[in-house]
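First up is the structure itself, then whatever we jot down about it.
The values are calculated or read from the model by the stated rules, or taken from the named source; none is laboratory data. Everything numeric in this text was worked out from a predicted model, so none of it was measured. Counting neighbours? That spans all protein chains shown, and the Cβs are built from the backbone with ideal geometry, glycine included.
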Amino acid sequence: MDSKQMLTIVEHYCRKIAPEENGIKVTRVADKKSVFVEQGGDSGRAIMMSEYKVDGALCWAGYSSRTETVYISLAA
């Protein structure tokens, strides 16, 4: 996933716009997280999240290619 597509997904989520049908799931995780551990079977995978600002709101978001999921954590 490229940075432009990631920014679009984060903007849509923060602005409460319906997500596009592209097979990408969006999951909110606990607030103020910059790393999320995605569980899969007997192991976990760390998803490093990047900072995004949308309309003055700060959030963190990261993408997992294994599950095609964007994880979003609000910073405020």
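Sort out which residues of region 1-41 are part of a strand (DSSP E or B), within 14 Å of residue 72 (Cα to Cα) and of a type outside the set (Val, Ile, Thr), and write them in order of number.
25, 28, 36, 38
I need the full set of residues from region 29-74 which are among the small types (Gly, Ala, Ser) and either loosely packed, with under 11 Cβ neighbours inside 10 Å or over 19 Å from residue 4 (Cβ atoms) (or both), in order please.
30, 34, 40, 41, 43, 44, 46, 56, 57, 65, 73
Let's see how each residue does on (1) of a type in the set (Lys, Arg); (2) touching an Asp or Glu at 6+ places or on another chain (Cβ under 7 Å):
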| position | (1), (2) |
| --- | --- |
| 17 | no, no |
| 25 | yes, yes |
| 32 | yes, no |
| 38 | no, no |
| 62 | no, no |
| 68 | no, no |
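On the basis of being modelled with pLDDT under 95 and assigned to a strand (DSSP E or B), does residue 44 make the cut?
So residue 44 passes the test.
Any chance region 7-16 includes a residue that's touching a residue at least 40 places away in the same chain (Cβ under 8 Å), aromatic (Phe, Trp, Tyr) and within 20 Å of residue 53 (Cβ to Cβ)?
Taking every residue of region 7-16 in turn, at least one turns out to be touching a residue at least 40 places away in the same chain (Cβ under 8 Å), aromatic (Phe, Trp, Tyr) and within 20 Å of residue 53 (Cβ to Cβ).
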